[in-house]
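Visitor: Here you go, one structure.
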Amino acid sequence: MFIPPKANAAFVCNMEDVLEVYIRTYDPKQPQICMDETCKQLLADLQTPLPLQTGQPQRFDYEYELEGVADLFMFFEP
């Protein structure tokens, strides 16, 4: 765990508050919701892949066109 050098005591105090959330007993009336996020590039092939042939792996060109970025968010109850 990284502790900022100028805020050791405050950081540790706040981190303990956060970590205490994860040791609470389960209460269905107050569910614990976790969140995770990531971003993914949206890519498009510039060339059509070659047709599949028996005994050969699929062959496609390595070039692509960037068509944006998508942000993915996941909320779940452990």
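Visitor: Would you please name the trypsin sites (Lys or Arg not before Pro) within the chain that are DSSP coil residues with at most 14 other C-beta atoms within 10 Å of their C-beta?
Guide: When the trypsin sites (Lys or Arg not before Pro) of the chain are filtered for loop state and at most 14 Cβ neighbours within 10 Å, LYS6, ARG24, LYS29, ARG59 remain.
Visitor: Which of these values of semi-axes √(5λ) of the Cα gyration tensor in Å was calculated from the structure shown: (i) 46, 20, 13; (ii) 19, 12, 11; (iii) 25, 21, 15?
Guide: Evaluating semi-axes √(5λ) of the Cα gyration tensor in Å on these atoms matches (i).
Visitor: So what's the angle, to the nearest 10 degrees on a 0 to 90 scale, between helix 8-21 and the longest Cα principal axis of the chain?
Guide: 80 degrees
Values in this text are rule-based calculations from the coordinates and carry no lab data. What you see is a predicted model, and the numbers here were worked out from it, not measured in a lab. Neighbour counts are summed over all protein chains in view; Cβ atoms, including those assigned to glycine, are modelled from backbone coordinates with ideal geometry.
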